[in-house]
Amino acid sequence: MPKPDLHLHSTFSDGLLAPEEIVALAIQAHLPAIAITDHDCIDGVEPAQSAAAGTGLLVIPAVELSATHGGRSLHILGYHIDITSKRLRARLADLRSARLERARSIVDALRADGYELDPDDILRPSSEGAVGRAHIARRLVEQGVARDMDDAFRRFLADDAPYYVPKPSTPAEAAISWVIESGGVPVLAHPGLSRVDDLIPALVDHGLAGLEAYHASHDPGTATRYVEMAERYGLIVTGGSDFHGSEREGGPIGSSGAPDDAIRRLEAASIRREGSR
């Protein structure tokens, strides 16, 4: 049976498909549940929920937050967050503004070196959601400057590339607390990709409630390791494809899924947090 896919990106961040299109794909794949986990943006949740109404597909409100701990980068997924929270929306708006300024700096540096890029055209997605390096990389590919997305990142945008600009960091403990304050359940995204195993105990102390053991980048051995780690710390095991609609990131929708009990456990944890607010 198809598993819930709890890690999907839409056009409200760096995905290529609109929330409604993702819902259509999920229904076609007979998925029982999905989560739109756009970077620093929750505006894709309501369109997805509206598109799924009456279909039997559950759309869990969610978000993905970039964070740091001990100078290292990681991502926090927040499930069952209150998307009407003004405080959360204000925080996410600040993060998107910082993303936009970072993207402008990258585009300005590329233009200064002779690359003919239209900043308004590239950054237009920011009017609806979160803009990121993927938007710039896609335009470099479209213009023939780069062969593909991997080439664009490797030569221009990766952490060690000449046009890399660091983005302002959010402490992991803050990202976790934002999710909890909004009634949500904080989960560490793709820990095998982030390579932060040694940080997990400290994150648990700050309120981390789950591990994304199943992910497109995790082989079976890696997934098993994180399932065992989740059991050791009493964490919820989740999973998702990290679908972006492109070949560079994640896998096909439904290719990596959460265990059958993940939906129940996430909902139960959310209800407990809601009751304690």
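The values are calculated or read from the model by the stated rules, or taken from the named source; none is laboratory data. Computed from a prediction, not measured in an experiment: that's the story for all the values here. FYI the Cβ positions are ideal-geometry reconstructions off the backbone, even for glycines, and counts take in every protein chain you see. For the accessible areas, the whole protein counts, side chains as well, though only heavy atoms, and no ligand, DNA or RNA atoms are used. Shrake-Rupley method; radii C 1.70, N 1.55, O 1.52, S 1.80 Å.
Using the 1.4 Å probe convention, the accessible area of segment 148-277 works out to 45 Å² per residue with neighbouring protein chains retained. If you fit an axis through the alpha-carbon atoms of helix 19-28 and take the longest principal axis of the Cα set of the chain, what angle between them do you get, 0 to 90°, nearest 10? Approximately 50 degrees, to the nearest ten. Principal-axis analysis of the Cα atoms of the chain puts helix 220-233 at an angle of about 50° to the longest axis. Using the Cβ-Cβ distance between ASP261 and ALA112 with R0 set to 41 Å, the FRET efficiency from 1/(1 + (r/R0)^6) comes to roughly 0.20. Extension gain for the segment SER169 to THR224, taken as residue separation times 0.36 nm less the Cα-Cα distance, is 16.8 nm to one decimal. When you restrict to C-alpha pairs under 8 Å that are six or more residues apart and normalise by the size of segment 1-141, the relative contact order lands at 22 percent. In the context of the full set of protein chains, residues of segment 74-120 present 51 Å² of accessible surface per residue (probe radius 1.4 Å, heavy atoms only). Highest mean packing comes first when the peptides 27-39, 253-265 are listed by Cβ atoms within 10 Å, giving 27-39, 253-265.
By how many degrees, 0 to 90 and rounded to 10, does the Cα axis of helix 86-112 deviate from the longest principal axis of the chain? Between helix and principal axis, roughly 30 degrees.
In terms of packing, defined here as the mean over residues of other Cβ atoms within 10 angstrom, the peptides 100-109, 171-180 line up highest first as 171-180, 100-109. Here is how the number arises for the chain: DSSP H runs of 4 or more residues each give -39500 (n - 2.57), the sum is divided by the residue count, and the result at 222 nm is -12000 deg cm²/dmol. Subtracting the Cα-Cα distance of ARG104 and GLN143 from 0.36 nm times their residue separation leaves 12.2 nm of extension gain. Segment 9-71 and segment 205-232 have Cα centres spaced 21 Å apart.
On the beta carbon distance between ALA161 and ALA202, with R0 = 30 Å, the FRET formula returns roughly 0.50. Across the accessible surface of the chain, with the other protein chains kept in place and a 1.4 Å probe, carbon and sulfur atoms take up 49 percent.
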